[in-house]
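**Student:** First the structure, which I've put down as structure tokens, then a few questions once you've had a look.
Computed from the coordinates by the stated procedures, all read-outs in this text should not be read as laboratory data. Here the structure is a predicted model, which is why all the values come from computation and not from measurement. So basically every Cβ, Gly included, is an ideal-geometry build from the backbone, and we count neighbours across all protein chains shown.
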Amino acid sequence: MVPPMSQGLILFGHGARDPAWAAPFEAVAARLRALSPRLAVRLAFLEFMAPSLGEAGTELAGAGCRSVAIVPMFLGTGGHVRHDLPLQLAQLQASHPAVNFVLHTAIGEVVSVHEAMALAILGGLDSSARGSSVR
């Protein structure tokens, strides 16, 4: 029998009507699972997609997680991260007082992410310079 995971992670995104929109988030979640197999990783969405933050948090609590990190997968800290997410988090915490839910900085505000994005953009420019250009 596999022991329950005590540490969870929720990647929280906005959500979209087009299910294909979630593919990059699913890829990040899959990579995290490969890098840290004992970490219970879930996606959650503000709107249009499932699961919600409450559903993902409840699932992790039910799986035995006692500490759950929540990382907003937003490029910046706008109204959703400043207002909507804390309200949902407060409801989730009230529903599961034995679990420590910890809200982290929006991923787009992490300096190493800025660096990775800049390098990816420059890499794209370098490869497009080798290809054909549109005139």
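**Student:** Using +1 at the C-beta of Lys and Arg and -1 at the C-beta of Asp and Glu, which of P24, V81, G64 has the Cα lying farthest in the positive direction of the dipole of region 7-108?
**Tutor:** Final value for the positive-end residue is G64.
**Student:** Sticking with this one: With 10 angstrom as the radius, rank H14, H104 by how many other C-beta atoms surround their C-beta, starting from the fewest. All intermediate terms of the calculation are to be shown ahead of the outcome.
**Tutor:** Working: H14 18, H104 14.
Listed from fewest to most nearby Cβ atoms, that is H104, H14.
**Student:** While we're looking at this one, here's another question. Please give the charge dipole size of region 3-135, origin at the Cα centre, charges +1 on K and R Cβ atoms and -1 on D and E Cβ atoms. Round to the nearest 20 debye. Show your work: numbers first, answer last.
**Tutor:** Details: 9 positive and 9 negative charges, 52 e Å.
Roughly 260 debye for region 3-135.
**Student:** Determine how many Å³ per residue the convex hull of the Cα atoms of the chain encloses. Don't jump to the answer; show the numbers that get you there.
**Tutor:** Details: hull volume 19.7 nm³, N = 135.
Hull volume normalised by residue count: 146 Å³.
**Student:** Expressed as a rounded percentage, what relative contact order does region 6-75 have, with Cα pairs under 8 Å and six or more residues apart? Mind dumping the intermediate values first?
**Tutor:** Working: 114 pairs, mean separation 34.7, N = 70.
In percent, rounded to a whole number, it is 50.
**Student:** For M5, what is the net charge nearby, where nearby means another residue's Cβ is under 12 Å from its Cβ and Lys, Arg count +1, Asp, Glu -1?
**Tutor:** Values: positive: R33, R38, R42, R66; negative: E59.
Here the charged neighbours net out to +3.
**Student:** With a 10 Å Cβ neighbour count serving as the proxy for reagent exposure, in which order, fewest first, do S6, S127, S52 appear?
**Tutor:** Values: S6 14, S127 9, S52 17.
The order, fewest Cβ neighbours first, is S127, S6, S52.
**Student:** Taking neighbour counts of Cβ atoms within 10 Å as a proxy for exposure, in what order, fewest first, do F48, F12, F101 appear?
**Tutor:** Numbers: F48 14, F12 29, F101 20.
Neighbour counts put them in this order, fewest first: F48, F101, F12.
**Student:** Also: At 27 Å minimum axial length over the Cα atoms and a Kyte-Doolittle cut of -1.0, report the qualifying DSSP H helices in the chain, or say none.
**Tutor:** Values: long enough: 111-130 (29 Å, 0.77).
The answer, listed by residue number, is 111-130.
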